[in-house]
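**Q** For reference, the structure I am asking about is given below.
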Amino acid sequence: YSGYGAEQGMAPLREKIASVLYNDLISPDEVFVSDGAKCDIMRVQQMFGPKVTSAVQDPSYPVYVDTSVMMGQTGLINEETSQYDNIVYMPCNAENDFFPDYASLPRADVVYFCSPNNPTGAAATKEQLTELVQICKERGSILVFDAAYAPFIRDPNIPKSIFEIEGAKEVAIECNSFSKYAGFTGVRLGWTVVPSDLKFSDGTPVRQDFNRVMTTAFNGASNIVQGGGLACLDPEGQQEITELIDYYLENATMLKEAMLSIGFEVFGGDNAPYVFVKLPEGKSSWDMFSEILESAQVVTIPGAGFGPGGEGYLRLSAFAPRDSVVEACERLKKVMGSD
């Protein structure tokens, strides 16, 4: 045991994250090591405070909306739309290739964007992200880019980091995690990158405020866990991570092909661990969830759980042992009428 460490993380780990995962696009002092990306989203919210307006993808991982509500940024929920007042919901659906048209929507102070996306499995291209960065710059919005599923990207035209986009350092924060890289879900280790070039409208560095939050409300990730993170970033660790991600991508391919063979329209599953299944017109995602659970004993996730924009879809996850995925595919095909 080495006692309290730096709240921002061990210097060797910050250096290794910057060099191995970002090819030195960022500097080590812009990396803040933490106990996970989910926790960091809340810390980002604490930094921004209650007087900002946030924009979120719809559907999206619930933490962006829920932390906005907890921070007092929102009004009441609209029972008809299931959306909170004072949040800008950015529709992401099959019709727009799951990429939001932020330029046509009301301006927000903070824009939360996840790619590859949970739950849709959509991965934004370099051209799409260039457009998003430019719009955020023009509007004076800060982009919070959730890159937790970056290791699943295999397409060379899909950036793994927002900082691969020119000008992003002036508008973006990036959150990431070892949970999906190396299965650290229960171990807890992540990081957030806040570039030195990112400034508030009054010219003060955003990094300065985030550092204040980290040093006040956090005592640093476990030194034992950070040692594990260092091992993950060695060549041997990187090779093991590649093999692990390949395993889950093969699971995703199996799930996707099974649902396609049944006759569903399916999205995601190529550069992401999630398969997003479009349901027949008028079919409730909760009803379909219940039907599949009762008839096939297979657990899926109703799209409505990710916001109103997820209604009419189911999410399937590749995070399971291979034999479970094989069994699930066989049951789904049998029960849902595939030859």
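The values are calculated or read from the model by the stated rules, or taken from the named source; none is laboratory data. Computed from a predicted structure; not experimentally measured. Cβ coordinates were reconstructed from backbone atoms using ideal geometry, including for glycine residues, and neighbour counts include every protein chain displayed. Accessible surface areas use protein heavy atoms only, side chains included; no ligands, DNA or RNA. Shrake-Rupley method; radii C 1.70, N 1.55, O 1.52, S 1.80 Å.
**Q** Every residue in the range 88-139 that is part of a strand (DSSP E or B) and either at positive phi or open to solvent by less than 20 Å² (accessible area, probe 1.4 Å) (or both), please.
**A** Residues satisfying the conditions are V88, M90, V110, V111, Y112, F113, C114.
**Q** Among the residues in the range 288-300, are any under 17 Å from the mean Cα position of the chain (by Cα) and either open to solvent by less than 40 Å² (accessible area, probe 1.4 Å) or under 13 Å from P119 (Cβ atoms) (or both)?
**A** Going residue by residue through the range 288-300, those that are under 17 Å from the mean Cα position of the chain (by Cα) are none.
Within the range 288-300 (the criterion being under 17 Å from the mean Cα position of the chain (by Cα) and either open to solvent by less than 40 Å² (accessible area, probe 1.4 Å) or under 13 Å from P119 (Cβ atoms) (or both)), the answer is no, since none of the residues qualifies.
**Q** Additional query: Taking A18, is it more than 16 Å from D209 (Cα to Cα) and part of a helix (DSSP H, G or I)?
**A** Numbers: more than 16 Å from D209 (Cα to Cα): yes; part of a helix (DSSP H, G or I): yes.
Spelling it out, A18 is indeed more than 16 Å from D209 (Cα to Cα) and part of a helix (DSSP H, G or I).
**Q** Taking L332 as the residue in question, decide whether it is open to solvent by less than 70 Å² (accessible area, probe 1.4 Å) and more than 21 Å from the chain's Cα centre (by Cα). Write out each step before concluding.
**A** Values: open to solvent by less than 70 Å² (accessible area, probe 1.4 Å): yes; more than 21 Å from the chain's Cα centre (by Cα): yes.
It is true that L332 is open to solvent by less than 70 Å² (accessible area, probe 1.4 Å) and more than 21 Å from the chain's Cα centre (by Cα).
**Q** Would you mention how many residues in the range 149-208 are assigned to a strand (DSSP E or B) and over 18 Å from Q238 (Cα atoms)?
**A** Within the range 149-208, the subset assigned to a strand (DSSP E or B) is 172-177, 190-193, 199, 205.
Now drop any that are not over 18 Å from Q238 (Cα atoms), which leaves 172-175, 192-193, 199, 205.
Residues meeting the conditions: 8.
**Q** Return yes when A94 is closer than 26 Å to K126 by Cβ and at pLDDT below 95 and no when it is not. It would help to see each step written out before you state the result.
**A** Working: closer than 26 Å to K126 by Cβ: yes; at pLDDT below 95: yes.
Considered against the rule, which asks whether it is closer than 26 Å to K126 by Cβ and at pLDDT below 95, A94 comes out as yes.
**Q** So K278 passes all but one of these: (1) surrounded by fewer than 19 Cβ atoms within 10 Å (Cβ to Cβ); (2) under 30 Å from G140 (Cβ atoms). Which condition number does it fail?
**A** (2)
**Q** Quick one: in the range 301-320, which of the residues that are farther than 26 Å from T185 by Cα and not in a helix (DSSP H, G or I) is most open to solvent (accessible area, probe 1.4 Å)? Talk me through it step by step, then tell me what you get.
**A** First pass over the range 301-320, keeping only residues farther than 26 Å from T185 by Cα: 308-309, 311-312.
Subset that is not in a helix (DSSP H, G or I): 311-312.
Working: E311: 81, G312: 17 Å².
Within the range 301-320, the match that is most open to solvent (accessible area, probe 1.4 Å) is E311.
**Q** State which residue is farthest from D109 (Cα to Cα) when the search covers only the range 179-217 and only residues that are small (G, A, S) and open to solvent by 50 Å² or more (accessible area, probe 1.4 Å). First the steps, then the outcome.
**A** Going residue by residue through the range 179-217, those that are small (G, A, S) are 179, 182-183, 186, 190, 196, 201, 203, 217.
This time we only want the ones that are open to solvent by 50 Å² or more (accessible area, probe 1.4 Å), so: 186, 201, 217.
On the way: G186: 33, S201: 11, A217: 23 Å.
This residue is G186.
**Q** While we're on this one: Would you check if there is a residue in the range 51-69 being in contact with a Leu (Cβ under 9 Å, 6 or more places away or on another chain) and either surrounded by 19 or more Cβ atoms within 10 Å (Cβ to Cβ) or without any contact (Cβ under 8 Å) to a residue 12 or more places away in the chain (or both)?
**A** Yes.
Rundown of residues vs (1) in contact with a strand residue (DSSP E or B) (Cβ under 9 Å, 6 or more places away or on another chain); (2) at pLDDT below 95; (3) of a type outside the set (V, I, T), yes/no style:
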position: S115; (1), (2), (3): yes, no, yes
position: T120; (1), (2), (3): yes, no, no
position: K126; (1), (2), (3): no, no, yes
position: I153; (1), (2), (3): no, no, no
position: I165; (1), (2), (3): yes, no, no
position: K180; (1), (2), (3): no, yes, yes
